[in-house]
1. Residues of the stretch 55-90 being hydrophobic (A, V, I, L, M, F, W, C) and not in a helix (DSSP H, G or I), which ones?
2. State the number of residues belonging to the stretch 343-361 that are out of contact with any Pro (no Cβ under 9 Å at 6 or more places or on another chain) and modelled with pLDDT of 85 or more.
3. Report, by residue number, each residue of the stretch 373-401 that is small (Gly, Ala, Ser) and in contact with a helix residue (DSSP H, G or I) (Cβ under 9 Å, 6 or more places away or on another chain).
4. Restricting attention to the stretch 167-217, which residues are assigned to a loop (DSSP other than H, G, I, E, B), of a type in the set (Gly, Ala, Ser) and touching a helix residue (DSSP H, G or I) at 6+ places or on another chain (Cβ under 6 Å)?
5. If I filter the stretch 95-131 down to residues being basic (Lys, Arg) and surrounded by 16 or more Cβ atoms within 10 Å (Cβ to Cβ), which single residue comes out as nearest to Leu44 (Cα to Cα)?
6. Among the residues of the stretch 390-403, write down those that are in contact (Cβ under 8 Å) with a residue 12 or more places away in the chain and surrounded by fewer than 18 Cβ atoms within 10 Å (Cβ to Cβ).
7. Of a type outside the set (Lys, Arg) and modelled with pLDDT of 95 or more: does that describe Ala208?
8. How about the stretch 459-511: which strands (runs of 3 or more DSSP E) wholly inside it have at least 1 residues that are without any contact (Cβ under 8 Å) to a residue 24 or more places away in the chain and at negative phi?
Amino acid sequence: MTATATPGQASGIADILSLTPLQEGLLFHAHLAADGPDVYTGQLTVALDGPLDAERLRAAGQALLHRRPNLRVAFRRRRNGQFVAVVPRDVPLPWATVTLTEDDLPGFLDTDLATRLDPAVAPLLRMTLIRLGPHRHRLVITHHHLLLDGWSVPLLLDELIALYRGGQLPEPADFRDYLAWTAAQDRPAAEAAWREALAGLDGPTLLAGRQQADVVVPERLVRDLPVELTGRLTALGRARGLTLNTVVQGAWGIVVGALTGRDDVVVGATVAGRPPDLPGADTMIGLFINTIPVRVTLDPAAPVATALRRLQDGQVRLMEHQHLGLAEIQRLAGHGELFDTLTVFENYPLGESLPAPADGVRVTGAAVRDCAHYPLTLTARPGHRLHLDLEYRADLIDRDAAGTLLDRLALVLTRICDAPDAPLAAVDVLTPAERDRVLHGANDTTRPVPSSTVSALFHEQAARTPTAVALVADGREWTFAEVERWAAGLAGVLRERGVTPGDRVAIALPRALTVPAVFGVLDSGAAYLPLDVYQPADRVAAMLDDARPAILVTTG
């Protein structure tokens, strides 16, 4: 392997930019991960075939930095503690050339991706040209997510190839126009809209539990849905006026709701953030996306299609307020962290429309590697087959569990297509294997048993092993002899109080006393009714009214 590199330093300050809402959040995570991996480092690998001029490509990359000032920023903290993006007048492009074999390539890409970019040092972008053969190259563009979103990646590649050709490009739309647009939005109106959208929410939806403080690079599972199911999902959306994004988000909400036991579910979503009323927004290169909460209300009696329509309508009402930062939205909700799963819908697949050849050099492929810090990130990409990409933190969720989540999601999407007007309660999230385990495996309890009673079996065991531990509860151990004596004492008290065989005795005791009490009631000849006093009072009252026990055993 051989390599050359071009280092450099920024000089002078050309401008100072404010931050987008997501940049503020990503800076927080970058500093949190200062001593470990930064999951928000992204990598674009471009396959180039033909007689490539490496110096000319390096010059094109340098010209790209000069053309797009927000690509050469560094993030610094002012004396008042506020972060800003500092734009140097110019900065050399970090450039390296490397000669590798095909076998060396994967390891090199992994190492390159793991090499941190310091947000305080411009630029947060480097390029490495890998020579695999005389006319076979890979250009690796490594960047921090602080600079780019997914929509920007193909724009960047198009401009780089155009600059390599030497053609004249039109003056680019200025990223500062977007920052000015953001600053001009009606913040009180946005706060009011989010406060209303999250009103009554009783807590966060955490599928993986509280996140660990350590930063962990997630692993990935992918699944392409069958062509037939993809077509049915598309047809359902057209027939019911639903976007595919809404259907996927709704299905994910159903899965998360079933697993967390919640019918008021919040999941995260990445939104494009490019305002349609801002001229040139679709051609700007930068970080426009934002992460927002999506509330999925799961009324069991509501038809599936109705629930999906409500979900979509709610998101439409919030579209003009999606510029508000997640930290501020969570503050308005009053719950801190609202979700630990993120959904991303990518409708700009890279690689389907590659730049045209430039002086005999063809772009034959492009691939992106990036990830997020959430325990679970679901990315959906439309196409002939709907592509599902699930990133998961292996320290919180194992691979089998992650695979089961994808299985459940595919099943829910199928069942939505099968019966869009069925009530939500009818949407089963169990896979066939899980259903078999619940209905048959867990109930495979047929065993030969002696023709005796539970009480008699207990006393026989107590006679055989009186000093053996029978019960462990509340930090105390009970032997069989102790449980038997306690039960016998209670049986005597019950008989003294007039309990006779066939009566019912209610038990409302701490868990440690419930087991001995059960045997005491059985020894008296009565039947027992266990009560959980922490359940709703009307439920407890209904059980007492139905069973009509002769007596209640309790601590007070």
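1. Val73, Ala74, Phe75, Phe83, Val84, Ala85, Val86, Val87 - these are the residues of the stretch 55-90 that are hydrophobic (A, V, I, L, M, F, W, C) and not in a helix (DSSP H, G or I).
2. Going through the stretch 343-361 one residue at a time, the tally reaches 2.
3. Ala380, Gly383, Ala394, listed by residue number.
4. Within the stretch 167-217, just Ala173 meets the criteria.
5. Of everything passing the filter in the stretch 95-131, Arg126 is nearest to Leu44 (Cα to Cα).
6. Ala394, Asp395, Arg399, Gly403
7. Against the criterion (of a type outside the set (Lys, Arg) and modelled with pLDDT of 95 or more), Ala208 does not qualify.
8. Correct list: 469-473, 476-479.
The values are calculated or read from the model by the stated rules, or taken from the named source; none is laboratory data. Predicted, not measured: the structure shown is a model, and the values here were computed from it. FYI the Cβ positions are ideal-geometry reconstructions off the backbone, even for glycines, and counts take in every protein chain you see.
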